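Chemist: Structure in structure tokens, see below.
The values are calculated or read from the model by the stated rules, or taken from the named source; none is laboratory data. Please read all numbers here as calculations on a predicted model, not as lab measurements. Because the Cβ atoms are built from the backbone with ideal geometry, glycine has one as well, and the counts that use them run over all protein chains shown.
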Amino acid sequence: MNKQHRFDTLKNEIWQNYFSANKVHKTVSLDVSDIDDCLDGGLAIGRVHLITGSGYSGAVRGFILAILRKIMQENPSSYVVWCTNLNSSDGILYGAGLAAIGIDPARLILVDESHPLRGVAAMEEALNSARQIGESAIQIAAVIGDYAQLANSPDLWHKTARRLQLAAEKGNVLTLMSGITARIIPAAGFESYWQVSTAVTDVSSPHVSSQSATYFYNNASWDVNLSRTRSGRRWSGVLNWQFSTGRLSKRSAPEAQINSAIPARQIISHVA
């Protein structure tokens, strides 16, 4: 076998392995075709996705809850493990508030951990448990964690991303890392990178009718920037989330003029 033939053979094997690996990974559709196309079908399960935002807004937590509702609906007997500091300024997830937006709080396992490294260790443990549980009655659909100060150390950050990615692949579980946006957050090592903030409109505006005011208590709305995907495609815009249906949608032109989301602190009061 000459060198050129050997090279062609190896190249074909690499492409076959690439496509077969992509077929194995299932995805969670976000209901917005533009975003799903950027993500090659949706949020990849068995991968780690990074979601960041400004502090105290509640937008990141609300966006994560929208994703959780979808994956919990698709896996009705599954549980979600959330490793977070329950004493943080972001507030505590409130059972009645979760139930009000369609999330069963009994299926949410909270791990209270203030130290980010121990939080990552707990995430790895949950992902490894998801693999070991297999066909038993308890299934883990997603694992979530807060990165806190980890983003301040580049070496530690890259090691953490790699460790979580390996654990997510083995457990075949959707994994989300979230936190407050730092000055520089390397997105390498993550399947996708999101920046989320609350889209706010002045509720007292005379252009907002009583009918559209009801919208503030049935929907949330976020400015979303999907800045990194494996495909290299990007998306930015405003997403609305309807509590009654659990569906995400792009904001239409009329809504962009007169409607907005529940303001940041009202979102927290509903779900935290």
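Chemist: Taking strands (runs of 3 or more DSSP E) that do not extend beyond the range 34-127, which have at least 3 residues that are surrounded by fewer than 17 Cβ atoms within 10 Å (Cβ to Cβ)?
Modeler: In the range 34-127, the matching strands (runs of 3 or more DSSP E) lie at 108-112.
Chemist: Considering (1) modelled with pLDDT of 90 or more; (2) touching a Gly at 6+ places or on another chain (Cβ under 7 Å), say which one Glu113 fails and leave the rest.
Modeler: Unmet condition: (1).
Chemist: Kindly establish whether Gly237 is at pLDDT below 85 and under 26 Å from Asp36 (Cα atoms).
Modeler: Against the criterion (at pLDDT below 85 and under 26 Å from Asp36 (Cα atoms)), Gly237 does not qualify.
Chemist: A further question on this structure: If you go through the range 194-206 one residue at a time, do you hit one that is within 30 Å of Pro154 (Cβ to Cβ), modelled with pLDDT of 75 or more, outside any loop (DSSP other than H, G, I, E, B) and in contact with a Pro (Cβ under 8 Å, 6 or more places away or on another chain)?
Modeler: Within the range 194-206, one or more residues are within 30 Å of Pro154 (Cβ to Cβ), modelled with pLDDT of 75 or more, outside any loop (DSSP other than H, G, I, E, B) and in contact with a Pro (Cβ under 8 Å, 6 or more places away or on another chain).
Chemist: Going by the structure shown, is Tyr215 modelled with pLDDT under 85, surrounded by 19 or more Cβ atoms within 10 Å (Cβ to Cβ) and not polar (S, T, N, Q)?
Modeler: Against the criterion (modelled with pLDDT under 85, surrounded by 19 or more Cβ atoms within 10 Å (Cβ to Cβ) and not polar (S, T, N, Q)), Tyr215 qualifies.
Chemist: Then there is this: Consider only pairs whose beta carbons are under 8 Å apart and that are at least six residues apart or on different chains; among these, list those whose first residue lies in the range 122-144 and is modelled with pLDDT under 90 and whose second residue is part of a loop (DSSP other than H, G, I, E, B).
Modeler: Ala130/Asn172; Ala130/Val173; Arg131/Asn172; Ala137/Ser77; Gln139/Asn75; Gln139/Ser77
Chemist: Also: Can you tell me which residues in the range 24-33 are crowded, with 18+ Cβ neighbours inside 10 Å and farther than 17 Å from Met72 by Cβ?
Modeler: Listed by number, the list holds a single entry, Val32.
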